[in-house]
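**Student:** Once you've had a glance at the structure underneath, I'll fire off some questions.
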Amino acid sequence: MIAGLAPAVLAVILVASLAGAGSSEVSIQDGAFSPEILTVTLDAQGKAVVVWTNQGRKAHDVVAMDGTWRSGVLRPGDSFTHTFASAGVFSYRSTQKNDSQAVAGICASGMCGSVHVLPGGSTPAPQPTSASTSPRRTPKPTSASLPASAGTATPSLNPTATGTDSPGPVGADSAGGSGEGAGVSSVKIVAVLALGSLAILAGAGGIYLIRRSS
């Protein structure tokens with residue numbers, strides 16, 4: 001039954017089956033491609049199928065401008081299928097007699113066409129627009145300088161005994177004697193305690209008792 005069908009009918013059936021499989025169609029007319037510019041998108045497998053069918057009365061062909069693919073001569077009712085595997089713009093033309101004219105590798109006039117292949121795949125995820133959440137550094141508290149107490153006298157570590165009496169060691173006779181005050185002049189005094197008419201001195205060599213004259 002299929003063998004009895006005309007070639008044009010078979011071409012229509014073939015194009016329809018390819019179109020149903022996710023392909024795109026270009027009609028070849030005598031003098032033009034329709035559409036002249038075809039836009040397709042790569043599928044999940046990274047492919048885009050385009051089918052050209054000669055629906056005119058003359059023979060034509062489909063040849064890439066960069067020479068990477070060509071259909072050969074397509075008589076009325078013939079079809080040509082090409083699978084694109086990358087995104088880009090692919091120009092082509094018919095090279096049959098009087099069909100087109102190319103200048104410097106560009107189809108300048110006549111039967112010229114192009115296929116614009118768009119990339120497929122998932123849509124890129126949007127970039128986050130929220131403000132930066134980096135933690136802020138809290139400045140460390142600095143201790144203020146303590147004010148110096150006004151009017152505070154610095155105690156002297158080497159007080160000088162006043163009066164005419166010379167200190168003597170504790171237990172010595174303070175009324176006189178040759179041992180009174182012996183060796184005290186060279187002792188470093190570090191503390192003084194006044195008790196009425198008496199003064200107690202603490203030095204590096206011991207404790208000394210001074211009696212003040214009235």
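**Student:** Name the long-range amide H neighbours of Ile207: under 5 Å, sequence gap of 5 or more, or other chain; modelled H, no Pro or chain starts.
**Tutor:** Placed amide hydrogens put Val170 under 5 Å from Ile207.
**Student:** Rounded to two decimals, what is the ratio between the C-alpha radius of gyration of region 49-102 and 2.2 N^0.38 Å? Write down the numbers at each step before the final one.
**Tutor:** Numbers: Rg = 11.3 Å, N = 54, 2.2 N^0.38 = 10.0 Å.
Relative to the rule-of-thumb radius for its length, region 49-102 sits at 1.13.
**Student:** Follow-up question, since we're still on this one. Could you work out how far apart the two model spin labels at Lys47 and Ile207 are, taking each label as a point 7 Å from the Cα in the direction of the beta carbon, and quote it in nm?
**Tutor:** 11.3
**Student:** Show the residues, 5+ positions off or on another chain, whose built amide H is closer than 5 Å to the amide H of Ala32.
**Tutor:** For Ala32, no residues qualify.
**Student:** Continuing with the same structure: What are the residues whose amide H is under 5 Å from the amide H of Gly120, where those residues sit 5 or more places off or on another chain and H is modelled from the backbone?
**Tutor:** It is Leu42, by chain and number.
Only the coordinates and a few stated rules stand behind these numbers; no lab work does. Predicted model only: the values in this text are computed from it and were never measured. When we count neighbours, we look across all protein chains shown, and the Cβ atoms used for this are built from the backbone with ideal geometry, even at glycine.
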